[in-house]
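Since every read-out is calculated from the coordinates, none of them should be taken as a lab result. Note that the structure is predicted; figures quoted are calculated from it, not measured. Note that we place each Cβ from the backbone using ideal geometry, even for glycine, and neighbour counts take in every protein chain shown.
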Amino acid sequence: MNVLTTVLLFSLFAAIQALSSDEITKLKGYYDDCVKSTNVNVELILKARKGEFSSDANLQKYFFCMFNKIGIINENGSVQIDVIRDKIPADVNKEDAEKIIAACKDKIGKDKYDTAREIYECYYTLSPKHIVFA
């Protein structure tokens, strides 16, 4: 997904080349489902991938939808740290990954959707590699 690229903390530690074709297909499906179900303006997703953040309600719902489908945020908006850690590829420095997890895991917004946005922005700001996730 260059309109595929999906997943904050999952992509947070992965390079797109490290994803299998099955994973890419699954993420494309998530992307399509989340864009449709949230009615998000795709331009806002593209801007977020460049660090231009928005508090648009539909964009926040999109972030939540993606993170929830991937399993890194549950339905209540709680970050699933064990799932994130399980998704860290072997070639990623675990210490660096843990620093980002520690800094971003407790971000809380006014609701679960805003929390998803907070986490994405935290990741984007702290990660030396910006894997487009949304």
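Numbers at a glance
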{"quantity": "G71, sole failed condition from (1) under 12 Å from the mean Cα position of the chain (by Cα); (2) touching a residue at least 40 places away in the same chain (Cβ under 8 Å); (3) surrounded by fewer than 21 Cβ atoms within 10 Å (Cβ to Cβ)", "calculated": "(2)"}
{"quantity": "Residue in segment 38-57 that is free of Cβ contacts under 8 Å to residues at least 60 places away in the same chain, touching a Phe, Trp or Tyr at 6+ places or on another chain (Cβ under 7 Å) and under 29 Å from S20 (Cβ atoms) present", "calculated": "yes"}
{"quantity": "Residues being assigned to a helix (DSSP H, G or I), of a type outside the set (D, E) and either surrounded by fewer than 15 Cβ atoms within 10 Å (Cβ to Cβ) or touching a Cys at 6+ places or on another chain (Cβ under 9 Å) (or both) - total across segment 20-34", "calculated": "5"}
{"quantity": "Search result, residues across segment 106-122 that are in a helix (DSSP H, G or I) and within 12 Å of K61 (Cβ to Cβ)", "calculated": "K112, Y113, D114, T115, A116, R117"}
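Every residue, every condition in (1) touching a Lys or Arg at 6+ places or on another chain (Cβ under 9 Å); (2) not polar (S, T, N, Q), yes or no:
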site: K36; (1), (2): no, yes
site: Q80; (1), (2): no, no
site: D91; (1), (2): no, yes
site: E95; (1), (2): no, yes
site: A102; (1), (2): no, yes
site: D114; (1), (2): no, yes
site: C122; (1), (2): yes, yes
site: L126; (1), (2): yes, yes
